[in-house]
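Structure record follows, encoded as structure tokens.
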Amino acid sequence: MNRKKLVIILICIFAALLAGAAGIYFVLNPSAPVLIDGYTPETKIICIDAGHGGSDPGAVNGERQEKDDNLTLALLVAGELEALGYTPLLTRSDDSYLTLGDRCEIANEQNAAYFVSLHRNSASESAKGVEVWISSKKTAAERKLAQKIMDALTEVGVQSERGVKAGTQASTESDYSVNKNTKMPSCIIELGFITNGEDNRLLDENMEEYASAIARAIAEVME
Ligand SMILES: [Zn+2]
């Protein structure tokens, strides 16, 4: 056997092993998110998810509750999206409680093009800034969405740009529920720390600018 033949045989064996491994992976993980690098949305529906609500206040700082900040911002983002010609789909438009599963179901059933969840962070008083979370598996389309949003928010002005992060705080292999269980590209925006006075001041003073920045960033990835 000459050297060329041997190389071809080795390549064939490698390709067969790879195909087998991929097959086993999808059989064992039927709900594993699909890689959506060349993602083309089929609808103009954008799901905006105001985190927490009802009996779940989210993070709290004195009288201030995360669920209220999330809702105020979500309503503003929805208005901005509508003005740009998109169809906003709110998981909640009042102070009601929804499970994480409910939120994903709303987006999946309506075949939303993107899912953007709004939250506020919480930690010690010194922690500050904005971060955006994407899943560990749905790659390019999500990274683009999240980075556009991060850049747009930074342009408005943030204390610290904490960046786009994949996975969860605990592990880059695991995912937050709404990122894991939505079919479309999704991200979670942590718009500053509710535990940081300056982050709260920035949010209060720039609420409309932040909402408009988020909507414009989403519109840009939809183009
Ligand atoms: Zn939250």
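Couple of notes before you dig in:
- FRET efficiency estimate (nearest 0.05) - Cβ-Cβ, residue 44 to residue 173, R0 41 angstrom: 0.75
- Label point at residue 198 placed 7 Å out along Cα→Cβ; residues across the range 132-169 whose backbone nitrogen lies under 15 Å: 157-162
- Out-of-range pairs (alpha-carbon distance over 22 Å; input 67/128; 67/137; 148/180; 128/183): 67/137; 128/183
- Under the Debye formula (equal points on every Cα, no solvent term), log10 I(q)/I(0) of the chain at q = 0.10, 0.17 Å⁻¹: -0.47, -1.18
- Angle in degrees between helix 140-156 and the longest Cα principal axis of the chain, rounded to the nearest 10: 30 degrees
- Selected from 40, 168, 72 as most flexible by GNM, with the chain as the system and alpha-carbon contacts under 10 Å: 40
- For the pair residue 183 and residue 207, label points projected 7 Å from Cα toward Cβ lie 3.5 nm apart.
- The orientation-averaged projected area of the convex hull spanned by the Cα atoms of the range 109-203 comes to 6.1 nm².
- Taking 0.36 nm per residue of separation and subtracting the Cα-Cα distance, full extension of the segment from residue 4 to residue 99 would add 28.3 nm.
- When the convex hull of its Cα atoms is viewed from all sides, the range 162-220 shows a mean projected area of 5.2 nm².
Coordinate-derived values only; no laboratory data. What you are looking at is a predicted structure, and each value in this text was computed from that prediction instead of being measured. Cβ coordinates were reconstructed from backbone atoms using ideal geometry, including for glycine residues, and neighbour counts include every protein chain displayed.
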